[in-house]
Every structure is written in C-alpha cells, then in structure tokens.
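Inspection log for the structure reproduced underneath, given as structure tokens.
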Amino acid sequence: QVQLVESGGGLVEAGNSLRLSCAASGRTFSSYVMAWFRQAPGKEREFVAATSRYGGSTLSSDSVKGRFGISRDNAKNTVYLQMNVLKPEDTAVYYCAAGAFLSRDLTSYNYWGQGTQVTVSS
C-alpha cells in the first residue's frame, strides 16, 4: 500500500509555470507506475500524464503535450509534474495516482492522493 500527498498547487497567471510534487510513503515506490490526473468543476476526472516505474516510458494527454512533463525521483519517492505555458483551461484539482500498469485509464490506478488546486488566471 502507498499513501500519496500532492503539493505545489496555487494561483498563477496564464503563460507562467508551476511544478507539482507528489510524495509517496513506503519503500516500494519504484514498483508503481505513477500518473497525474485532473478534475475541473463539473467535469470528469481526466488523464494528464503517466510515467513507468523507472521513468523510461511516459504518456501524456494531447491537451498538455509539449507543455507539461512528468518525471520521478525514486530515491526521493516523489513524482513531479512540470507545467509550462499554463492556460485558464488548465484550472483544476490535480491528483497523483499509483498503479500497476502504464495507462491513461483512471481505473488502472489503485491509490490516489487528496489533490492540489491549480488555478490559472487570464
């Protein structure tokens, strides 16, 4: 089992950057695929990006490709989401998730953090 705690959210103007962090408890962090999802008010939770156990493979959604990057540091039990050129439509609660398979499907992820709010003003 793993517990996940996100941080780094906040209010930022469009065009700027933020880096989200997700710290995981436990000694088996490298055994999990890690992902970021987001949920805007009134919308379903959607996939943002995912990374394989050692970071060799990544996936990202078309809406963030070229602007967001996912990375992980297994020595620190932490996964990051670097968000550049932020847009108002990126406003959402961002969730960190852990699972067994590299996937865009949220049902593939068994463990979730509480989320961190990102608000992008125009």
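Just so you know, all these numbers are worked out from the coordinates, no wet-lab data involved. Note that this is a predicted model, so its numbers are computed, not measured. When we count neighbours, we look across all protein chains shown, and the Cβ atoms used for this are built from the backbone with ideal geometry, even at glycine.
Annotations for the structure displayed:
- ALA40-SER17 pseudo-label distance in nm [points 7 Å out on the Cα-to-Cβ vector]: 2.4
- Loop-located GluC sites (Glu not before Pro) in region 1-110 (DSSP state not H, G, I, E or B) with no more than 14 neighbouring Cβ atoms inside 10 Å: GLU44.
- The 3J(HN,Hα) values that the Karplus relation (6.51, -1.76, 1.60; θ = phi - 60°) gives for region 8-17 are, in residue order, x, x, x, 9, 9, 7, 4, x, 8, 10 Hz. Gly and Pro appear as x.
- Share antiparallel - DSSP beta bridges, the chain, percent rounded to 5: 90
- Candidate lysines - alpha carbon under 28 Å from LYS43, same-chain residues fewer than 8 apart omitted: LYS65, LYS87
- Average Cα contact separation per residue, region 1-94, under 8 Å, 6 or more apart, as relative contact order %: 32
- Each of GLY9, SER57, VAL93 was scored by the projection of its Cα onto the charge dipole of the chain, and the greatest displacement toward the positive side belongs to SER57; charges sit on the C-beta of Lys, Arg, Asp and Glu.
- Under a model in which nothing but the beta-carbon of Lys, Arg (+1) and Asp, Glu (-1) is charged, the chain shows a dipole of about 280 debye around its Cα centre.
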